[in-house]
1. Is one or more of the residues making up segment A:24-36 buried (at least 22 other Cβ atoms within 10 Å of the Cβ), in contact with a His (Cβ under 6 Å, 6 or more places away or on another chain) and closer than 30 Å to A:Gln153 by Cα?
2. So which residues in segment B:468-515 are more than 21 Å from B:Val569 (Cα to Cα) and within 14 Å of another protein chain (Cβ to nearest Cβ), if there are any at all?
3. Just the residues that are over 13 Å from B:Ala642 (Cα atoms) and of a type in the set (A, V, I, L, M, F, W, C), please, taken from segment B:588-620.
4. So which pairs qualify, if the first residue must be in segment B:690-717 and in contact (Cβ under 8 Å) with a residue 24 or more places away in the chain and more than 11 Å from every other protein chain (Cβ to nearest Cβ), the second must be part of a helix (DSSP H, G or I) and hydroxyl-bearing (Ser, Thr, Tyr), the Cβ gap must be under 8 Å, and the two must be at least 6 apart or on different chains?
5. Being in a helix (DSSP H, G or I), surrounded by fewer than 24 Cβ atoms within 10 Å (Cβ to Cβ) and at the interface with chain B (Cβ under 7 Å from one of its Cβ atoms) narrows it down to one of A:Arg140, A:Arg144, so name that one.
6. Go through segment B:588-608 and give me each residue that's basic (Lys, Arg) and under 34 Å from the mean Cα position of the chain (by Cα).
7. Taking segment B:232-256 as the search range and keeping residues that are free of Cβ contacts under 8 Å to residues at least 24 places away in the same chain and assigned to a helix (DSSP H, G or I), which one is farthest from B:Asn715 (Cα to Cα)?
8. Examine segment B:578-587 for a residue that is small (Gly, Ala, Ser) and within 26 Å of B:Gly792 (Cα to Cα), and state whether such a residue exists.
Amino acid sequence: MAIDLTVNGVRHSVDVAPETPLLWVIRDQLGLTGTKFSCGIAQCGACTLHIDGQPVRSCSYPVSSAAGKTVTTIEGLSPDGTHPVQLAWIELDVPQCGYCQSGMIMSVAALLSKRRNPSDAEIDTEITNACRCSTYHRIRKAIRLAASKMSSQGRL
Amino acid sequence: MRNNDVNKPGLSRRDLLSNAAAATGALVVGFWMPQRAAGQMTNPEGAAWATEPDVKEINAWVVVAPDNTVTIRIAQTELGQGVWTSNAMMVCEELQCEWSKVRPQYASANRDGQEMAPEWTLEVMGKGATDPFGGGEPEFGRRGRTGTEGIPNSLYRRMRTNAAASVKDGRYYLQLAGAEARERLLLAAAKSWGVPFEEVGSANSVITHRPTGRTTTYGQVAALAAQTPHPNPERIRIKPPSEWTLMGTEQKNLDVPMKVTGKTIYGIDVKLPGMKWAAVKTCPVYGGTLKSYDFGRIRNEPGVISAVEIPIPDPSLIRDRTFSAGVAIIAESWYQAKTALDKMPIEWDVPPENAARNTANMRAALLASLDKPGKVRVNLGDCDSAFANGAKNGVNNTVKIIEASYFTPYLPRARMEPGNATVLVSDNRVDIWIGDQSPQETRYSASRITGIPERNVYLHMCHLGGGFGRNGNGPQAEQAIYIANQNRGTPIHLLWSREEDFVGTTYRAMGVARLRAALDADGWPIAIEVRTAMDEKAPGAIAAFDRASRYHVPNYRFSTHSETFHIPVGTRRGVGQPAHDFYRESFIDELAHAAGKDPYLYRRELISRTNLPYKADMLMALDTAAKMSGWGTPLPQGSARAIALEERGAEGHGHATISAQVHTVSVSKQGEVRLLRVDVAHEEGFGLVNPLSVRKQLEGQITWFYNDTMHQQCNVVDGRIAENNFDRFPLSRIKEDPPDINITFFKTGHWLRGMGHDRGTSLQSGIADAVFQITGKRYRDLPLRNHDLTWG
């Protein structure tokens, strides 16, 4: 069955079983491997991407539900890696192994797009991605830095 | 599909690979092999694999391009510890090239199997006998090509990524490689100018003839340097820490820009033309074999191609550990393979003695082993008399006997990237794309499994999505090689599900300990006896207690005991150190409380009474951490501080790593634990190569051992591991990260034993002791989530 979806601004028609998780369509059919597989049960968040701007754990999200929607992956977050969250991540040298960071960055970008300057409590509630290297300490600082970059750019 | 370039059928494999390289920007990850190897290689389309530009190397570690880009080969695997950056820094320090133009690239394990390291690099400054800077002997000497201990003499020396040793051991030969390359570049310049070598110097890739001020660049003379041998390389000296300019400075990791854009290539991301995917299920009870499976039931599922039975991987290839047999389903996509596999009926033959194991009976067996004769590792003074006299004197209340038993569970690494490998076996060649902490061993495995000689095995190294212990990679490579060997000509990408990753990993062994002390009337120990027990094959049995007590006691005995279980055990982060640190530091806290003394000052006094070589450094660590934390200042009700020593090698090996941490913890009356603040005093020895990397590692290890303390355990139920995904095996999230982490480095007069894996172990005793101070409840088995922490 052909399913139409828009990924990073490009329209695709994919022919896969409708229950196939979006993660595997993104990775296998579309070749966008920045979005990662880790737990397969929507626990860890390594597979987080945006659907119509909302963070979604794509390992447990059937591709059919994305039909007609706009999907953004880490590759499409910014044209050249200069989204304020990416810049903050570089400035504070956040990643270690980096495997969870695509999902982490997508979660943070989604949070900052709705909350310009989130409180610690909001960060605690909204950022539920797991990082096994435990880069959380730098992540919290980098969220603050990204927020300040965004407000100085007048960006929401 | 439309509007999608990535899978456009017209693109050749070469295009795909070079696009992948281009997409990574300046850095090239994976997909590289030395030119001459590439020349020998063909693929089904007859095109060469991606090759590096036609630039001759100066030596096996250094390639300088005409535009002054310097490629530095990295023989360890980047798994978040920053080795791509720190190893490159050590070469660059000596080479004096422009840091912004350094490009790390994985060294070739294939070439390592065919060439030996230059003779003059085998023994280092001081000829390996002593480190001229007081660090004692480096932990390697002359070894065979693939020596199981120490560092082989093959071209890239140790290609393992383990034992916190990449910097510690690498600095000798990496600094030498940089120094030799620089001298040959200078020689080439001097030769082309016809001037004496002594008159040329260099900085930032620019070579200057001092008398005339004439300049050239590394890039301009690189081709000549590649053909200019060093006349007397054995005379090359490497810079001592006092001369470092790049080493010792905080450098951001070179691969971070790729990691924030999703462009890093991990093993899981490898995709080759014609590649098929394999999903695997092996018997969840280790040692189990395949009794039956019904492939007919899933044969017509979408994408399914075939089934491959996998025998128990040869234990001799995987450090003598026995995993399980199983079955793989090959399909067009992994999701199809995995979905079909989940529907396929499978029956196992399970060894009944293994299936009879569970956490409770294994724990009981370990506890019982403590009363059997063990291996006495240290026996100083006369413990028996001291305890006997203590018992006698106890009647008069002058001597107190304290005894405590501790428990630590099985723990996996649970790295975020599940095990995987892509393998193509053709008639006389094996290609493996993998994130691997032991490429030299995988090269050997590939040869043994396929019968193809090692010289025809090519590993294409990828970044790893977490490491945390070398043999946590389990038999991912061996399974993939086996399956691909049954499907010669077809690239097979094996990927474990998360649940299968919990079967494929080794575990840190379950452990128990019983510590006993006799305290004199002032509360100081007269005798301490330590008995520990874990699986016979568990590494690190002597950690933290060996050779001498770190805390002064006139009579000291340490014995290790063991049982043989079926769970494959291995080197998880810190190896034996974390569990043993928990036992030791918890017990010292208990003694301090029994003596009515401050746990910081109690430790301080006992360390100062020893004759240990790094006594002053241990005291400095404790004093610094205590001072940083405001030790002794009042805290609100429901909060407490705990201090602990962390050390490896303090008993005196010529290397040590010493630190101390203070943990400030609150526990609500409902039993919610919050780690509020961590103060870390960490030595830097003569110097840290990249202090930023060390900071990041320390931050990460704090949360790692917080998880071990609070949350994580793997229980054995009917012989299998019960917790096999992140729903039942919890990972802490940002909300549990301590708001304050303060790190202070202090100088000491020796080299470090590395620091990548056994810092932060004190979280365990620290949180447990804070819980005791706040709630009055002393828990001696981890994780603490199993216990009632409410109070008031």
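1. no
2. Once the filter is applied, which keeps residues that are more than 21 Å from B:Val569 (Cα to Cα) and within 14 Å of another protein chain (Cβ to nearest Cβ), segment B:468-515 yields B:His493, B:Leu494, B:Leu495.
3. If the condition is that a residue be over 13 Å from B:Ala642 (Cα atoms) and of a type in the set (A, V, I, L, M, F, W, C), then B:Leu591, B:Ala594, B:Ala595, B:Leu606, B:Ile607, B:Leu612, B:Ala616, B:Met618, B:Leu619, B:Met620 are the ones that fit.
4. The qualifying pairs are B:Asn715/B:Thr359; B:Val716/B:Thr359; B:Val717/B:Thr359.
5. Being in a helix (DSSP H, G or I), surrounded by fewer than 24 Cβ atoms within 10 Å (Cβ to Cβ) and at the interface with chain B (Cβ under 7 Å from one of its Cβ atoms) holds for just one of A:Arg140, A:Arg144, which is A:Arg140.
6. Answer for segment B:588-608, where residues must be basic (Lys, Arg) and under 34 Å from the mean Cα position of the chain (by Cα): B:Arg603, B:Arg604.
7. B:Arg235
8. For segment B:578-587, residues small (Gly, Ala, Ser) and within 26 Å of B:Gly792 (Cα to Cα): present.
The values are calculated or read from the model by the stated rules, or taken from the named source; none is laboratory data. Small disclaimer: the values here were computed from a predicted structure and weren't measured. Ideal geometry is used to build each Cβ from the backbone, glycine not excepted, and the neighbour counts take in all protein chains shown.
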